[in-house]
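Report on the following structure.
The values are calculated or read from the model by the stated rules, or taken from the named source; none is laboratory data. What you see is a predicted model; the values in this text were computed from it and never measured. Quick reminder, even Gly has a Cβ in these numbers, built from the backbone with ideal geometry, and neighbours come from all protein chains shown.
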Amino acid sequence: MKKLLGFGRLFLFSPAKAAAACAEDRAPLDAVKLYALTLLTTAVFYRFKPYDFPDANAAVPMGPQGLFFWLKVMLWQPLLMAALIAFAGVLLRWLKDGWLPVKVATAFLWCAIPLILTVLYVKSGIPKAAFGVLMILWAVPGLQVGRGVPAVEWRLLATFLLGLNVVELAAMAPEALVTALRWEAGYKAVVGLAGFWMLVGGALGLKALAPRRPLPRALLPLLFALVLQIEVVIAAFMLGWLPVETLKALLYG
């Protein structure tokens, strides 16, 4: 337990050292443990958080949101985490070299396509089968780029991104406090700071993660991957795979 806590502390205070620690043999298992603990703690927290805080005008949930509901919501998180790791791996590989403005422009276009297809699916009424085929065609270039990522890099990336969730775990205590006080500004500040550090700390860690890369080539892939992760959630809802209450829970808590 002491080593697990020490590993988690690195993500909070020294992302570069956390990246180096991801190369250790026990690091992947420790990262999975931290991620599982984060999901369980999050489920318990949202079970007791009032639905109308911090948004006093939030709609009343259509059904009960007990612990079982939130555990079901958390079951989606490993799938979304896997998508985030895949997107980050592909984009890190794509942006690792070459003229950065061109690479960023092409990465931006690739990330925008799922959102464009989703809008067309909703507004133009294209068949679901056609939408699925277009999404598969969109994924092909990413799969080709991803094939060039060595297995050891996938292992390091997955370990680091899983472990990075300890930032969210550490934020649970102050979130619970400001929620009990019904302090809206405090709640938004805690959530905002946690999200900010996950992005900045994530970029600093990816910069140091083997193979090392300049900060812009670490930050931009992570940012694009997070956007794609949200687009996956929206697309799953539009396809009818994700209930509306689960969608709201995933996006807003």
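Scanning segment 1-31 for residues that are more than 16 Å from Val167 (Cβ to Cβ) and assigned to a helix (DSSP H, G or I) yields Lys2, Lys3, Ala20, Ala27, Pro28, Leu29. State the number of residues belonging to segment 84-110 that are hydrophobic (A, V, I, L, M, F, W, C) and either surrounded by fewer than 17 Cβ atoms within 10 Å (Cβ to Cβ) or in contact with a Ser or Thr (Cβ under 7 Å, 6 or more places away or on another chain) (or both). Going through segment 84-110 one residue at a time, the tally reaches 6. Contact map, segment 216-245: first residue over 29 Å from Leu100 (Cα atoms), second residue outside any helix (DSSP H, G or I), Cβ cut-off under 7 Å, separation 6 or more or different chains; pairs are Ala236/Leu242; Glu245/Pro61; Glu245/Met62; Glu245/Gly63. Is there a residue being over 29 Å from Val104 (Cα atoms), assigned to a helix (DSSP H, G or I), out of contact with any helix residue (DSSP H, G or I) (no Cβ under 7 Å at 6 or more places or on another chain) and in contact (Cβ under 8 Å) with a residue 24 or more places away in the chain anywhere in segment 176-186? Yes, segment 176-186 contains at least one residue that is over 29 Å from Val104 (Cα atoms), assigned to a helix (DSSP H, G or I), out of contact with any helix residue (DSSP H, G or I) (no Cβ under 7 Å at 6 or more places or on another chain) and in contact (Cβ under 8 Å) with a residue 24 or more places away in the chain. Taken together, Ala58, Ala19, Ala27 contain a single residue that is farther than 29 Å from Leu215 by Cβ and of a type outside the set (Phe, Trp, Tyr), which is Ala58.
Restricting attention to segment 125-172, the residues that are modelled with pLDDT of 95 or more, exposed (fewer than 14 other Cβ atoms within 10 Å of the Cβ) and either within 12 Å of Leu209 (Cβ to Cβ) or β-branched (Val, Ile, Thr) (or both) total 2.
Given the criteria of a type outside the set (Gly, Ala, Ser), farther than 30 Å from Asp52 by Cβ and assigned to a loop (DSSP other than H, G, I, E, B), does Pro114 qualify? Against the criterion (of a type outside the set (Gly, Ala, Ser), farther than 30 Å from Asp52 by Cβ and assigned to a loop (DSSP other than H, G, I, E, B)), Pro114 does not qualify. For segment 195-210, residues that are assigned to a helix (DSSP H, G or I), crowded, with 18+ Cβ neighbours inside 10 Å and aliphatic (A, V, I, L, M) total 5.
Please tell me if Pro54 is part of a loop (DSSP other than H, G, I, E, B) and exposed (fewer than 15 other Cβ atoms within 10 Å of the Cβ). No: the conditions fail for Pro54. Residue pairs whose Cβ atoms lie under 6 Å apart, separated by 6 or more positions or on different chains, with the first residue in segment 70-99 and within 20 Å of Phe237 (Cβ to Cβ) and the second in a helix (DSSP H, G or I) and among the charged types (D, E, K, R), are Trp70/Arg47.
Could you give me the residue pairs with C-beta distances under 6 Å whose first residue belongs to segment 134-146 and is farther than 24 Å from Leu157 by Cα, whose second residue is surrounded by 14 or more Cβ atoms within 10 Å (Cβ to Cβ) and of a type outside the set (Phe, Trp, Tyr) wherever it lies, and which are 6+ apart or on separate chains? Qualifying pairs under 6 Å: Leu134/Leu117.
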